[in-house]
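> If you scroll down you'll find the structure; I have some questions about it.
Quick note: the coordinates plus some simple rules give every number you see, no bench work behind them. From a predicted model like this one, the values you see are computed outputs, not experimental measurements.
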Amino acid sequence: MKQKWEAKVSTSLERAKPQQIWPLFEDFFGLQKWFPGLPTCHGIEGVNGQPGCIRFCSGFGLKKQKDDINNAESNSSLSWSKERLVAVDRAQMTLTYEMVDSNIGFKSYVSTVKVVAGDDAGGGGTIVEWWISLDPVVGLRLEDLVVKYEVGLKLMVNKMEAAIMDESC
C-alpha cells in the first residue's frame, strides 16, 4: 500500500487580522470570490458553513485525469470537485473538508485550513495554514502539487486582504 501524500503550506498577511480573514474561509460556498482560476463554487447540499454541507467547485487550476472507465478525457475542459465540510472550529478558526468526487484524480483527499495570529507581540497580521492529505496521484509529483497550493494560497489571501483593506478605507 502506498503511503499518503501529506503537505502543509502557509502564508502571512501583514495588515489583515485573523478575525477579518476567518469569515471569508467560513463562507464555504464562496471560494470562487477569492481562489484564482476557480470561476465556479456553489452549494449543492446543506447549509453553508455547517458540517456536512457540500460545495461544487470547477475551474482551471488542476489538470483533469482520464476517465477511469474508458481511459479517455472527459468532454469538459474544466476540472471539478465536490467537497464536504467535515468540521468547523470557530474558536480555533479551523475548518476541515474532504473531496467526495472529482475529475482530477484525487482520492482520500482531506484538507484543513487554519487562520492564526501572525505576530506574538500583538502587532497584527495573520498566518493562514493549509494542510492536505491524499493518496498519491498518477502523473503528478507531490512537490508540484505543493507549489500549486503555495501559489494558490498566496494569491487567494492577498485578494482577501486587499478586499478587507478596501472596505476599511
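> Going down the list Lys82/Lys114; Lys4/Lys114; Lys2/Lys159; Lys33/Lys82; Lys107/Lys159, which pairs span over 25 Å between their C-alpha atoms?
In this structure, Lys2/Lys159; Lys107/Lys159 lie more than 25 Å apart at Cα.
> Can you grab the distance from the C-alpha centre of the range 86-127 to the C-alpha centre of the range 1-59, Å, no decimals?
The distance from the Cα centre of the range 86-127 to that of the range 1-59 comes to 8 Å.
> Using only Cα atoms and rounding to the nearest 10 degrees, what angle (0 to 90) does helix 142-168 make with the longest principal axis of the chain?
40 degrees
> Continuing with the same structure: Shape verdict for the range 1-58, please, from the Cα gyration tensor: rounded (a/c under 1.5), prolate (a/b greater than b/c) or oblate.
Oblate.
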